[in-house]
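Visitor: Pasting in a structure now, in structure tokens, and then I'll have a few things to ask.
The values are calculated or read from the model by the stated rules, or taken from the named source; none is laboratory data. Since this is a predicted model, take the numbers as computed values, not measurements. Here the Cβ is made from the backbone with ideal geometry for all residues, glycine too, and neighbour counts use every protein chain on show. In case anyone asks, the SASA skips ligands and DNA or RNA and just uses the protein heavy atoms, side chains included. Shrake-Rupley method; radii C 1.70, N 1.55, O 1.52, S 1.80 Å.
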Amino acid sequence: MHGRPRKAPKPEEEAASVAKAQKLRALQTQFFSFHHNKIYTKEAVELSAKLLEINPESYTAWNYRKLAVEHYLSQPDCNPDSIKSVLDDELRVVENALRQNFKSYGAWHHRKWVLSKGHSSIDNELRLLDKFQKADSRNFHAWNYRRFVAESMKRSEQDELKYTEDMIYQNFSNYSAWHNRSVLLSALFEKKAGGFLSKEKVLPEEYEFIHQAIFTDPDDQSGWFYHLWLLDQTVTTDSPLLASSWPGHGYAVLLVEDRCYNGSAFSPFTALHSDSGSFPIVLYFNQPVRGVSSSTVTVECGFNKNEDLLWKPLSASNSQTARVWVAHLKILSSDLHSTVEVSVGHSKGIISTRGFEYSHPSMFSFKVHVQPMEGDFSQVSVAESISLREENFKIYGTQSEESIINSFNQLNIKNGHESTASNWRSEALAKEIECFRELLSLMDCKIGKLTLARLLMAYDVMSYPFANKLVHSEEVLELYSDLMKLDPTHYQHYKDEHSMVLLQKVTSSKESLLQHCFQYKDSVSTAICGPICLRLNNLSLSRMGAFEKLLWVQMLDLSDNELQSIEGLEAMQLLSCLSLRNNKLRSLTALEPLRKLKLLRVLDISYNQIGDHSIDTTRYLCSSPLSHSVGSESNKDETVISDVALIDNWEAFYIFKDFNLNQLDIVGNTIADEKFKSVLVKIMPKLKQLDGKLLC
């Protein structure tokens, strides 16, 4: 453990171990007899103390002592003095156990429980902690207990900060002290009371402090972890902000009822098909929030206020907290032209996971034009095949550049307060970049390169709304490429980060984004509405990101990449055609985000690795929809339950049951045999094409 090789025990050590085990078994047998029979005599309680001296990790023994104490306190003849005596005995038992193993969870928890009774003095606890922390200054159990004691004594955070500083100066490698410092500062930042200095003042001083540790021993990880925490505190705003939306401010949305975009004056980037006369409104925040509802977000369409809109969070965990929220607005058929105004946060209730209110209300508006059905499509029985292959696209003409530029400009929400609020943050990051450039000029340090890459990207992202470009993206990509070669153990992490930076670069400017926009061969197809496809294929992407800039996308080509996960894709609510062909998706449950894309009609997941691996670890994150635990959630009927093939393929049922696909390609996956395809047809009765073949 911790790099220390095991040594073979000597004969005398083996004999001692055997004798200890025999004594322990004898004590346990007698102890369990007392415990099961609820015997709390003095003899029984003393025996549990002997057991804990030998084995401080016996949770059952600690719980037994709690029951014994509660039993004694319930007696009518107990008095304050006797109660104090009993609880002091408990503290002595804990101290003896900690001498055997000062990292015993059960012992530290029991000591907290005794002190929470309120009959024992807490004054001696800091002296006891000093004793244990001298034995091991990085013992996180002791540091955790210290926070409990400091809170109980109402000891100030500033005093505790001074203590952590002293401990760090004794040993820069004291990770627990650095962690405790981050906990204390986080608490003070949240309080913003008592005259404590702001982040603007504290964080630059903390950067100077951590430099001493990093430059003294660049190979020690403790200081680097604290620096990463400081970076997070620097770039993360306290109050959540609305980063982007769809539709964007000033959009002119064309709602097409018959899927035939007629090439009108409207931008093809904002033409959207709708069978139901409704379309999604998407809010993308810069951090997860809760409380988005019709009371905190008002939507006015003409003279009508939509007070009954249901806002849903889009998150992989199905929690009520998410970065992305969606509601579906229905436009009356009589309203061929409407103006919609959306106000966010003018009423309180939107709160971040860290407890901060959405304090910068924002508003955006857009126009909706309805293109009525011009032909009779009810008799169309044969599905038109959509193929996102190279030969089916042509470059989106430069003469149409203005439409994407306008769409791109209108997508992001302008937060006017950001400029002044970000000044000190940008200055702090600029100083850190200069500092780490100096460090790397003196030595070749992997974690130094990783930190510089993070700093450069954070600086660019913070400056982006004003600079309108990512200045350091090429340098960051080069740093991650170097790290993949220097540190193959963490190759996948660097690869993922490289992918995220590349996507940020592609979406950072109108010019770079336009290079990836292509026009589908048939711009008046009845199978699709918006003929513009964003092609991010063949980029060696292993992870997706930059979703806040891709909310407008309806056709997306991610083929020939290295994606193992598509987490976050659920934010792209307009997606109707998606190609994931020739990636590295390993399981059906990796497709989970697609369940929330209600407009998805064409999906290509061919030539992945689905079925290659006998164990799908992701499956344990969700319950089987055929078990009693999900009940009405699956909305299944008796036919589904009785079908053995579906029961054997419950992951497929769980993933595909909510899909409304017309076309699916799954060929080239190990799982895609004829039996499995027949299961898919049962799950998705509306499916018209499977692997290029028409279904009856």
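Visitor: Extension gain Asp482-Ser186, at 0.36 nm per residue separation less the Cα-Cα distance, in nm?
Guide: Values: separation 296, 0.36 × 296 = 106.56 nm, distance 3.40 nm.
Taking 0.36 nm per residue and subtracting the Cα distance, the gain is 103.2 nm.
Visitor: State in Å² the accessible area per residue of segment 435-586; use a 1.4 Å probe, count heavy atoms of protein chains only, and round to the nearest integer.
Guide: Per residue, segment 435-586 has an accessible area of 36 Å².
Visitor: What FRET efficiency, computed as 1/(1 + (r/R0)^6) with R0 = 30 Å and r the Cβ-Cβ distance, is obtained for Glu511 and Phe225, rounded to the nearest 0.05? Could the numbers behind the result be given before it?
Guide: Numbers: r = 39 Å, r/R0 = 1.28.
Given R0 = 30 Å and the Cβ-Cβ separation, E is 0.20.
Visitor: Taking the Cβ of Glu438 as the center, what net charge do the other residues with Cβ under 12 Å away carry, scoring Lys and Arg +1 and Asp and Glu -1?
Guide: Numbers: positive: Lys431, Arg437; negative: Glu432, Glu434.
Around Glu438, the charge tally is 0.
Visitor: Further question: With the Cα gyration tensor of segment 23-143 giving a ≥ b ≥ c as the square roots of its eigenvalues, does the rule (a/c under 1.5 for rounded; else a/b larger than b/c for prolate; else oblate) give rounded, prolate or oblate?
Guide: Oblate shape, in that a/c is at least 1.5 and b/c is the bigger or equal ratio.
Visitor: Of the options Ser565, Met555, Tyr480, report the single residue whose Cα projects farthest towards the positive end of the charge dipole of segment 466-588 (beta-carbon charges: Lys, Arg +1; Asp, Glu -1).
Guide: It is Met555.
Visitor: Once the Cα atoms of segment 123-201 are picked out, what are the Rg and Dmax in Å?
Guide: Rg and Dmax of segment 123-201, Cα atoms, are 12.7, 37 Å.
Visitor: Counting only heavy atoms of protein chains, what accessible area per residue, in Å², does segment 68-161 have with a probe of 1.4 Å?
Guide: Heavy-atom SASA per residue in segment 68-161 reads 53 Å².
Visitor: If we sort 322-328, 310-316 on the protection proxy, mean other Cβ atoms within 10 Å, highest first, what's the order?
Guide: Order by mean packing, descending: 322-328, 310-316.
Visitor: Taking the Cβ of Gly668 as the center, what net charge do the other residues with Cβ under 14 Å away carry, scoring Lys and Arg +1 and Asp and Glu -1?
Guide: On the way: positive: Arg581, Lys584, Arg586, Lys677; negative: Asp560, Asp604, Asp612, Asp665, Asp673, Asp691.
Counting the neighbours of Gly668, the net charge comes to -2.
Visitor: To continue, here is another question. Between Lys686 and Arg290, 0.36 nm times their residue separation minus their Cα-Cα distance comes to what?
Guide: Computed gain between Lys686 and Arg290 is 139.0 nm.
Visitor: How high is the relative contact order of segment 1-133, in percent, counting Cα pairs under 8 Å that sit 6 or more residues apart?
Guide: Across segment 1-133, relative contact order equals 21 percent.
Visitor: With the crude spin-label approximation of a point 7 Å out along Cα→Cβ, what separation in nm comes out for Ala15 versus Ser347?
Guide: According to this spin-label approximation, the distance is 8.1 nm.
Visitor: Compute the signed sum of charges (Lys and Arg +1, Asp and Glu -1) over the other residues within less than 13 Å, Cβ to Cβ, of Ser294.
Guide: Within the 13 Å Cβ shell, the charges total -1.
Visitor: Looking only at segment 97-124, which residues have a backbone nitrogen under 17 Å from a spot 7 Å from the Cα of Tyr59 in the C-beta direction?
Guide: Under cut-off, by backbone N: 103-113.
Visitor: Which pairs in the list Lys330/Lys510; Lys20/Lys42; Lys446/Lys485; Lys312/Lys686; Lys394/Lys510 are over 20 Å apart, alpha-carbon to alpha-carbon?
Guide: The answer is Lys330/Lys510; Lys20/Lys42; Lys312/Lys686.
Visitor: Subtracting the Cα-Cα distance from 0.36 nm times the residue separation, let me have the gained length for Glu300 to Lys367 in nm, one decimal.
Guide: Here the answer is 23.0 nm.
Visitor: Using the structure shown, select from Lys495/Lys596; Lys117/Lys162; Lys521/Lys598; Lys131/Lys201; Lys66/Lys154 the pairs with a Cα to Cα distance greater than 31 angstrom.
Guide: Among Lys495/Lys596; Lys117/Lys162; Lys521/Lys598; Lys131/Lys201; Lys66/Lys154, the Cα-Cα distance tops 31 Å for Lys131/Lys201.
Visitor: Further, regarding this structure: Report the label-to-label distance for Ser540 and Lys117 in nanometres (one decimal), using points 7 Å from each Cα along the Cα→Cβ vector.
Guide: Label-label distance for Ser540 and Lys117, simple model: 6.5 nm.
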